[in-house]
Amino acid sequence: MHTGGEPVRIIKMGIPEPHGSTILEKRKFMKEFYDDYRKYLMFEPRGHSDMYGALLVKPNHPDADLGVLFMHNEGYSTMCGHATIALARYAVDEGLVSVSESGFTPVSIECPCGLVNAFYDKNSGRSSFISVPAFLYEQDVVVPVGGSIGDVKVDISYGGAFYALVNYSSLNLTPETANTEQVRALGTTITNYLRQNYKVTHPEEDDLSFIYGTIIIDTLSENKSTSNVCIFAESSIDRSPCGSGVTARIACLVAKENIGLKEAVIFRNSLTKSEMIGQAIERMKCGKFEAVRVKVEGRGFYSGRCEFQLEDDDLLGKGFLI
């Protein structure tokens, strides 16, 4: 499937169930013992450096309809909004949940970041999810980019994963003029610097304490719309507005009092122009942080069904990247 142009390869069989009594233990098990499967399905010749996957696993949470482990070119993320939007529709279509007569069906998905309540509206074809607690972690962190740009200030915000948020103007760019390789290079520079020199700590779970990526953002317009592009994992570019990134951005906008509760914002991907809608629906605390739950809405589409194989003497078939 894809959401806003961003692929999500849903893996329903062929990988043994990872061991673990919690979803995070299963994520750790995949990293340590089954990582060849990730490379086989995400890398060339079956995928590419920007491929994204969602492995269906047995849920551990008693309220979950399904469990999922997210994977990409670098490893295993803790939350993925675009995949969650696609999975909500998939779960309904595949009969993994009891379908509501009204056509609006809840789907509880256990993600590594926690239980995420998603919904699929068969009448409109749109999916949505309610995020785990999201919060602005720190403002105005200085990152040296070098060259003619020099130092830039970024905000660190959490939306199921930690992101650095940096404005296009700080990088001497605009959403209209920036090209793919520029945003990939600059986003990677910022992410790598923070991974090496800046420590984030999630207040409840240490396995969530890492910088996942950088989102290059435009300012919020008067009609409550904005554009951005997310560079995550190992220099991968999100084709969608990025669901967990939308969550992180909403948390930042609320913390800075740029928007209030229930104010909807349209997020567009700067490169593909695909859209998601986000709004904060509830305030709460997450450790010492003032947090919000965010509703994110979008559409997931089918792109095909595949069965893959690997011949015994096919060394390149095990996966590679160029």
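The values are calculated or read from the model by the stated rules, or taken from the named source; none is laboratory data. Quantities reported herein were computed from a predicted structural model and do not represent experimental measurements. When we count neighbours, we look across all protein chains shown, and the Cβ atoms used for this are built from the backbone with ideal geometry, even at glycine. Side chains included, ligands, DNA and RNA excluded: accessible areas come from the protein's heavy atoms. Shrake-Rupley method; radii C 1.70, N 1.55, O 1.52, S 1.80 Å.
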Exercise. Give me the accessible area of residue 122, 1.4 Å probe, in Å² rounded to the nearest 10.
Key: 120 Å²
Exercise. Order the following by accessible area, largest value first: 32, 138, 257, 204. Probe radius 1.4 Å; ligands, DNA and RNA are ignored.
Key: 257, 204, 32, 138
Quiz item: So, with a 1.4 angstrom probe, what is the percent of accessible area on the range 122-202 that is carbon and sulfur?
Solution: 46 percent
Exercise. With 29 Å as the limit, write out which pairs from 58/318; 39/295; 26/285; 122/288 have Cα-Cα distances beyond it, or answer none.
Key: 39/295; 122/288
Self-check item: Kirkwood hydrodynamic radius of the chain, from inverse mean 1/r over distinct Cα pairs, in Å
Solution: 19.8 Å
Practice problem: For residue 199, go through the aspartates and glutamates and keep the ones whose alpha-carbon is under 17 Å away, minus same-chain ones fewer than eight residues off. | Solution: 138, 140, 155, 207
Exercise. Over the chain, calculate the relative contact order: mean separation of alpha carbon pairs under 8 Å at least 6 apart, over the residue count, as a percent.
Key: 20 percent
Quiz item: When ranked by the protection proxy of mean other Cβ atoms within 10 Å per residue, highest first, what sequence do the peptides 241-249, 85-93, 142-150 form?
Solution: 241-249, 85-93, 142-150
Quiz item: In debye, nearest 20: dipole of the chain around its Cα centre with unit charges on the Cβ of K, R (+) and D, E (-)?
Solution: 540 debye
Quiz item: For the range 240-294, which whole percent of the accessible surface, found with a 1.4 angstrom probe, sits on carbon and sulfur atoms?
Solution: 47 percent
Self-check item: Residue-level accessible surface for residue 37, protein heavy atoms, 1.4 Å, Å²
Solution: 70 Å²
Practice problem: Calculate, for the chain, the solvent-accessible area per residue in square angstrom, rolling a 1.4 angstrom probe over the heavy atoms of the protein chains. | Solution: 44 Å²
Exercise. For the range 132-297, compute Rh as the Kirkwood radius over C-alpha pairs and then the Stokes-Einstein diffusion coefficient at 10 °C and 1.306 mPa s; write the answer in µm²/s, rounded to an integer.
Key: 102 µm²/s
Practice problem: Report the local net charge at residue 125: Lys and Arg +1, Asp and Glu -1, summed over other residues whose C-beta lies under 9 Å from its C-beta. | Solution: +3
Quiz item: For the chain, what proportion of DSSP beta bridges, expressed in % and rounded to the nearest 5, is antiparallel?
Solution: 80 percent
Quiz prompt | Percent RCO, i.e. relative contact order, over the range 132-297, from Cα pairs under 8 Å lying at least 6 residues apart | solution = 24 percent
Quiz prompt | Spatial separation of Cα centroids for the range 129-197 and the range 49-87, in angstrom | solution = 24 Å
Self-check item: Accessible surface, 1.4 Å probe, highest first, among residues 38, 293
Solution: 293, 38
